[in-house]
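Participant: If you scroll down you'll find the structure; I have some questions about it.
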Amino acid sequence: MAKRLLILHALILELPEDYFLEMHDYENPSEDFIRWMISYPRSRAEHEATEPYNIGGHADFSSLTMLFEQNVLGLQILSRDGEWLWVKPVKGGITINAGESLQHLTKGMCLMGSEN
Amino acid sequence: MPAPVKSQLAEEWSKDPSLDPSQWPIQPYSRPPLTTDKSVKYAPLVEIDVSNWDAPGEKQRLADQLHHAVRDVGFYIVKGHGITDEEVLEILAIANTYFHNLPLEEKRKNPIDLAAGQSFGYREPTRYYGDTGIKETLETVPYLSPTRTDSSTKFTRTC
């Protein structure tokens, strides 16, 4: 599936279709990985107490990150207007987040997503 | 020139038998029900369906649909990707088993070294938020499997 998305990115940038494919070959050694992640619940009071230590979001280092929904509100993204908005889980949908590498590879033509 | 440290780690990590899910008793996993919270503001994200990929003109149509999301948002939703929900739930079950059933000493065999800028290894929630006395709640591990043949590896190839 990532292949299809990378082809679409090339088309959007009016590049040859296979422009991003060679550098994302599953058969070659890479730092591609699947990350398991769990966030344990905490109380609202604990959340508020730790809020000053919130680093204020981040971007992924990757080209593309795929997020598999679990029906919980766990992701906020930064809009161009500087507003943090929640991502709604979509049944059967995969949320795609463009990372820093993709922004770099496209000389900034693809915007990396900032998330919290 | 020395080989990149991160890739070496990735290689060792992928060969560690303690991280082979086929050796664990996998607990089934199901999601909590889907609900909508009316009090929060959702991001209007584009949804594309890539299931009709080989139809004439389809790629260009999808590219046009995705143009704004790629250039100005950085996020979008993909549907019709061919990855079944059973496959996703299987991976979530493995991950859930790792977090809840694998002994801590097993997980600690491959600690992440954040200070060295590494991205591979088990991240145990051990740090505290400043002087609040409240511990961080995030536990993560990258499951890296280029040399394995189990379902997680199969899954990454599907993605």
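The values are calculated or read from the model by the stated rules, or taken from the named source; none is laboratory data. As the structure is a computational prediction, the values presented were derived from the model and not from experiment. Backbone-built Cβ (ideal geometry, glycine too); neighbour counts: all protein chains shown. Protein only, heavy atoms only, side chains kept; ligands, DNA and RNA dropped before computing areas. Shrake-Rupley method; radii C 1.70, N 1.55, O 1.52, S 1.80 Å.
Participant: From zero up to wherever the largest Cα-Cα distance of the protein assembly as shown sits, split into 10 Å bins and tell me the percent of pairs in each.
Facilitator: 6, 26, 35, 26, 7, 0, 0
Participant: Mind giving me the FRET efficiency for residue B:71 and residue A:45? R0 is 35 Å, r the Cβ-Cβ distance, nearest 0.05 is fine.
Facilitator: After rounding, the FRET efficiency stands at 0.25.
Participant: Give the shape of segment B:60-127 as rounded, prolate or oblate, defined through the alpha-carbon gyration tensor: a ≥ b ≥ c are the square roots of its eigenvalues, a/c under 1.5 means rounded, and otherwise the shape is prolate if a/b is larger than b/c and oblate if not.
Facilitator: Oblate.
Participant: Rounded to the nearest 500, what is chain A's calculated 222 nm mean residue ellipticity when only DSSP H runs of at least 4 contribute -39500 (n - 2.57) each, over all residues?
Facilitator: -5500 deg cm²/dmol
Participant: Using every Cα-Cα pair within segment A:1-72, state what percent have a distance larger than 18 Å.
Facilitator: I get 61 percent for the Cα pairs in segment A:1-72 exceeding 18 Å.
Participant: OK, next. So how exposed is residue B:79, as accessible area in Å² (1.4 Å probe, rounded to 10)?
Facilitator: 70
Participant: Moving to a separate point now. Binning every alpha carbon pair distance of segment B:33-90 at 5 Å from zero, what are the percents per bin?
Facilitator: 4, 14, 19, 19, 18, 16, 8, 2, 0
Participant: What does the highest-first list of B:94-106, B:48-60 look like by mean Cβ count within 10 Å?
Facilitator: B:94-106, B:48-60
Participant: Kindly flag which residue pairs out of A:107/B:109; B:107/B:154; A:107/B:107; A:107/B:135 have an alpha-carbon separation exceeding 29 Å in this structure.
Facilitator: A:107/B:109; A:107/B:107; A:107/B:135
Participant: Something else: Could you work out the mean count of beta carbons from other protein chains within 10 Å of each residue's beta carbon in A:6-14?
Facilitator: The shielding value for this peptide is 5.
Participant: Give the average, rounded to an integer, of partner chain Cβ atoms located within 10 angstrom of each Cβ in B:43-53.
Facilitator: Mean number of neighbouring Cβ atoms from other chains: 4.
Participant: Determine by what factor the alpha-carbon radius of gyration of segment A:19-116 differs from 2.2 N^0.38 Å, reporting the quotient.
Facilitator: 1.25
Participant: Would you list, by chain and number, the aspartates and glutamates whose Cα falls below 16 Å from the Cα of residue B:41, excluding same-chain residues fewer than 8 positions away?
Facilitator: Cα-Cα hits under 16 Å: A:81, A:83, A:115.
Participant: Using Cα centres only, tell me the gap between segment A:13-57 and segment B:38-81 in whole Å.
Facilitator: Here the two parts' Cα centres lie 19 Å apart.
Participant: Could you rank the peptides A:61-71, A:92-102 by their average count of other C-beta atoms within 10 Å per residue, with the highest value first?
Facilitator: Result, highest mean first: A:92-102, A:61-71.
Participant: Over both sides of the B-A contact, add up the buried accessible area with a 1.4 Å probe and give it to the nearest 100 Å².
Facilitator: Buried area (both sides, nearest 100 Å²): 6100 Å².
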